[in-house]
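First comes the structure, then the notes that go with it.
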Amino acid sequence: MVVNPLVSDIGNYAIWFFVITSIAAMGLNLTVGEILAPWKKQGLLTISLFANFLAVPLFALLILKLIPLDSGLATGLLIVAAAAGAPSLPKAISIVKGDVAYAVGLTMILILVTILYMPLVLPFLIGDVSIDKSSTTLYLITFMLIPLIITMALRARLSEVAKVLHPVVSRTSDLSIILVLLIYTLVLFTSDFTGKAGAVLGLQGVLVAILFILGSFVIGHLMGGADWQNREVLSFGTGFRNVSAALVVVTANFRDPQIMFMVLVIAIFGIIFMMIFGGVIYRKKRKEGIIPKLMMNRQER
């Protein structure tokens, strides 16, 4: 596929801007109590790490064994499978009135582990594709770790400023991912890749994306144990992958548009399914009278 260099550059800049703002929004909203919350549930934390960094990647490999895909699309799937800790996880848990404190702390831990995990594991996970470990590590540190540390420090030192900045940065992040989707949709539908993408993705590609998201959600749900709040956080934590980290790895290592295409397709389906699941959980809680009780408990605190 021939892509206008200017459009490609704009797309990359939009990705980096999205990654930085999504991580910054999370850092600006982190408190010390939320950071420490997962360590109070060490058993659940261990299960969360196991589910995200072993069970989900293995599940992706199993899907590819059952439904083989073109190399580029398969690479995109495996990159997303290795990326845990979606910055939007706390927002999703907040919408369903779940354990936000644990979700925030867990997300931070998953992001930090992802930054170390992806450069080490991806070369083995994607055996026939070259991954530059140094470049991948540098990109992840630059666009994820450093913004997270800076914004967390700002939240700790200047909490009032952070509270003012957070909604602005969060909204900017939401708008920037829309820009990324628009740019790459334009590239796909104005190039010779369009026909090939439709042929390659087809029903198999769509099926793989849907199976991966649903299966990842189920993995977290089953491993979350008997406590419904733990199940919610873990199921959303495994089902909602870290598209920010996946996009960083793709821009650092690849020029194959199929890889980016698969990452964005999974991102879109992920948002759709998480909205559906969130709506179902929220309505169930309202019907059972759980939400009013949660609101009363928070007011008492």
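For first residues located in the stretch 62-83 and farther than 20 Å from ILE271 by Cβ and of a type outside the set (A, V, I, L, M, F, W, C), partners that are buried (at least 19 other Cβ atoms within 10 Å of the Cβ) and modelled with pLDDT of 90 or more and lie 6+ apart or on another chain with Cβ distances below 8 Å form the pairs PRO68/ALA74. Here THR31 clears all of (1) surrounded by fewer than 19 Cβ atoms within 10 Å (Cβ to Cβ); (2) under 25 Å from SER216 (Cα atoms); (3) of a type in the set (Val, Ile, Thr) except the condition numbered (2).
Applying the condition of being among the β-branched types (Val, Ile, Thr) and in a helix (DSSP H, G or I) to the stretch 176-191 and asking which residue is modelled with the lowest pLDDT yields VAL187. Taking the listed residues LEU181, LEU125, LEU140, LEU120, the one that is more than 17 Å from PRO87 (Cα to Cα) and within 16 Å of the chain's Cα centre (by Cα) is LEU181, with no other qualifying.
Within the stretch 152-178, if we keep just the residues that are of a type in the set (S, T, N, Q) and more than 16 Å from VAL104 (Cβ to Cβ), the residue that is farthest from the chain's Cα centre (by Cα) turns out to be THR172.
The residue pairs whose first member lies in the stretch 1-24 and is over 18 Å from LEU264 (Cβ atoms) and modelled with pLDDT of 75 or more, whose second member is part of a loop (DSSP other than H, G, I, E, B) and not hydrophobic (A, V, I, L, M, F, W, C), and whose beta carbons are closer than 8 Å, counting only pairs six or more residues apart or on different chains, are ILE23/PRO87.
Of all the listed residues (ALA55, ALA84, ALA37, ALA74), the sole one being under 30 Å from SER173 (Cα atoms) and touching a Ser or Thr at 6+ places or on another chain (Cβ under 6 Å) is ALA84. Evaluating LEU234 against the criteria (1) touching a Gly at 6+ places or on another chain (Cβ under 9 Å); (2) surrounded by fewer than 23 Cβ atoms within 10 Å (Cβ to Cβ); (3) over 19 Å from MET144 (Cβ atoms) leaves one unmet condition, (2). Within the set ILE146, ILE141, ILE95, ILE131, the sole residue that is farther than 22 Å from GLY220 by Cα, modelled with pLDDT under 85 and hydrophobic (A, V, I, L, M, F, W, C) turns out to be ILE131.
Assess whether ILE213 counts as being at pLDDT 90 or above, surrounded by 20 or more Cβ atoms within 10 Å (Cβ to Cβ) and in contact with a Gly (Cβ under 6 Å, 6 or more places away or on another chain). So ILE213 fits the description; yes. Apart from one condition, PRO119 fits all of (1) in contact with a Leu (Cβ under 9 Å, 6 or more places away or on another chain); (2) touching a residue at least 40 places away in the same chain (Cβ under 8 Å); the exception is (2). Scanning the stretch 33-51 for residues that are of a type outside the set (A, V, I, L, M) and over 20 Å from the mean Cα position of the chain (by Cα) yields GLY33, TRP39, LYS40, LYS41, GLN42, GLY43.
Summed over the stretch 222-259, the residues that are modelled with pLDDT under 80, part of a helix (DSSP H, G or I) and hydrophobic (A, V, I, L, M, F, W, C) give a count of 1. If you go through the stretch 223-239 and keep only what is hydrophobic (A, V, I, L, M, F, W, C), more than 14 Å from VAL104 (Cα to Cα) and under 20 Å from the mean Cα position of the chain (by Cα), you end up with just MET223.
Figure legend. Inter-residue proximity from the stretch 28-57: first residues more than 21 Å from ALA83 (Cβ to Cβ) and of a type in the set (D, E, K, R), second residues part of a helix (DSSP H, G or I) and modelled with pLDDT of 80 or more, beta-carbon distance below 6 Å, spacing 6+ or different chains. Indicated pairs: GLU34/VAL104; GLU34/GLY105.
The values are calculated or read from the model by the stated rules, or taken from the named source; none is laboratory data. No experiment lies behind these values; they were computed from the predicted model shown. Virtual Cβ from ideal backbone geometry, glycine too; neighbours counted across all protein chains shown.
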